[in-house]
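The values are calculated or read from the model by the stated rules, or taken from the named source; none is laboratory data. Quick caveat, the model's predicted, so the values are computed rather than measured. Neighbour counts run over all protein chains shown; Cβ positions are idealised from the backbone, glycine included. Note: areas computed on protein heavy atoms with side chains; ligands, DNA, RNA excluded. Shrake-Rupley method; radii C 1.70, N 1.55, O 1.52, S 1.80 Å.
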Amino acid sequence: MPVTNEYDVVIVGAGPAGTACALALRSSGRRVALVDKAQFPRDKICGDAIPSPTLKYLARLDPSYVTELQALLASHHAPTTHSRLLAPSGEELRIAWHNPAFNSPRLHFDDALLTLVRRHTNTEVLEGYAIRRLQTDEHGVTLTPADATQRPLRAALIIGCDGANSVVARSLMPSTSLDRAYHCAAVRAYYKAVADAPEDTSDFYFLREYRAGYCWVFPVGGGVYNVGFGVLSEEVAARRLNLKHELSELLANHPHLAPRFAKAEALTTITGFGLPLGGSNRPVHGHRTLLCGDAAALIDPLQGHGIDKAVHSGILAATQVQACFEAQRFDADFLATYAQQVEHYIGRELTQRYRLMRFLAGNAWLVDLVVRAARWPWLRRQLVRAVG
Ligand SMILES: Cc1cc2nc3c(=O)[nH]c(=O)nc-3n(C[C@H](O)[C@H](O)[C@H](O)COP(=O)(O)OP(=O)(O)OC[C@H]3O[C@@H](n4cnc5c(N)ncnc54)[C@H](O)[C@@H]3O)c2cc1C
């Protein structure tokens, strides 16, 4: 077997969770490796809406991260100040957000986060390094790469930030099958020349034919739009939906979407990916292991947003890393503090939002009612607070 590379901490996955964790470990004095199977810049199938708390969490680490990120993304983003919600009834509501956010293609956004890691930390970044297997023993964890010509890695602690199909999460829960009640399937493609599409407005279409999901049209800058459609996997399986086909049909025939896409040009094919939804109480830790972001199933079930939760959980994991090395404890009992923190700051809210999502999915008329009622300023404020 080739010689092993030794670290204190290996972060698997350099998406928002992994890069946030590496940034938060900047002054830890630990030997940190951040490994990803992809070469950056890499695409990630997403709606590309960067929720506003993302920047708040990064600014708490260092305000200059936000300034630098904005500079790196200067020509790859669209500031969004408004959303249009289209109810199943066809009624439309335009909302101005309290905390303006922005949309940015993940190809550029994630690359910018990794650039911050390279600039500001001593993290060893290993790209093109896919982890196949983890083996935990008394003294640490060995990570075996898929490519046998690469060296195995060894660390005291592993942070699993490797997304929806996490190898690290599977090592903790080997026999768990997909829970479709807590999983969403979604597809997206990029378009240009979309009509009636202000560059500061993200559009959400709630459709009567699909109970738990929505279609989106999000500007990402330069006249390009991220257009997608997501539905709860339970419904996808029960109705045997082919989401690529459903999205094409919607853009061609839906009475409000079809006129907007009549002259639109598809820049990519439609591609899909899964969203592990929060609220399921899936374990987020084990012996010598912490999970963050999608690997920990922390996506908001109401909106499908997970970038902010990925960043937040990555930062919470870094705090736990420090506590582990100070106490020289890496056992599951000690790491349970991280699980409590995730539950307190993220999980509890996701559980409530999961219940709300199920309630709205079972009562489509309520979405019509909410959009109509939100013409009243007080109700509109409540709505902005609930989803903004
Ligand atoms: C269609 C769709 C639309 C979405 N829209 C939005 C949105 O608009 N806004 C929002 O906030 N969220 C959205 N989400 C959710 C969002 O994409 C995720 O919540 C977010 O990417 C989670 O970040 P992460 O760092 O946990 O994982 P990821 O961003 O998935 O990063 C995981 C990283 O791990 C790497 N990796 C995986 N396996 C291995 C391995 N074995 N070895 C080494 N590296 C590995 C991958 O290459 C990847 O770089 C959407 C998701 C989908 C599918």
statement: Here the residues within region 255-285 that are aliphatic (A, V, I, L, M) and buried (at least 21 other Cβ atoms within 10 Å of the Cβ) are L257, L275, L277, V284
message: Kindly evaluate L316 against the criterion of being of a type in the set (A, V, I, L, M) and within 23 Å of the chain's Cα centre (by Cα).
response: yes
- prompt: Of the numbered conditions (1) surrounded by fewer than 23 Cβ atoms within 10 Å (Cβ to Cβ); (2) in contact with a Pro (Cβ under 6 Å, 6 or more places away or on another chain), Y345 satisfies every one except a single condition; which is it?
  reply: (2)
- line: Subset of region 304-315, residues within 6 Å of the ligand (Cβ to nearest atom), touching a Leu at 6+ places or on another chain (Cβ under 8 Å) and open to solvent by less than 20 Å² (accessible area, probe 1.4 Å), comes to G306, A310
Residues of region 252-303 satisfying the condition of being of a type in the set (S, T, Y) and either more than 14 Å from the ligand (Cβ to nearest atom) or more than 20 Å from G213 (Cα to Cα) (or both): T268, T269, S280, T289
task: Considering each of A38, A49 in turn, give the residue that is in contact with a strand residue (DSSP E or B) (Cβ under 7 Å, 6 or more places away or on another chain) and within 16 Å of the ligand (Cβ to nearest atom).
output: A49
Selection status of L116, surrounded by 14 or more Cβ atoms within 10 Å (Cβ to Cβ) and more than 9 Å from the ligand (Cβ to nearest atom): yes
message: Can you tell me how many residues within region 326-340 are open to solvent by 30 Å² or more (accessible area, probe 1.4 Å) and assigned to a helix (DSSP H, G or I)?
response: 7
query: Within the set of pairs 6 or more residues apart or between chains, which connect a residue that is more than 12 Å from P16 (Cα to Cα) inside region 44-69 to a residue that is open to solvent by 40 Å² or more (accessible area, probe 1.4 Å) and within 7 Å of the ligand (Cβ to nearest atom) with Cβ atoms less than 6 Å apart?
result: I45/F273
task: Kindly indicate whether any position in region 84-100 is small (G, A, S), within 15 Å of the ligand (Cβ to nearest atom) and surrounded by fewer than 22 Cβ atoms within 10 Å (Cβ to Cβ).
output: no
- request: Assess whether A323 counts as being open to solvent by 30 Å² or more (accessible area, probe 1.4 Å), in a helix (DSSP H, G or I), among the small types (G, A, S) and at pLDDT below 95.
  value: no
- prompt: Can you tell me which residues in region 214-254 are touching a residue at least 60 places away in the same chain (Cβ under 8 Å), open to solvent by less than 20 Å² (accessible area, probe 1.4 Å) and part of a strand (DSSP E or B)?
  reply: F218, P219, V220, G221, N226, G228, G230, L232
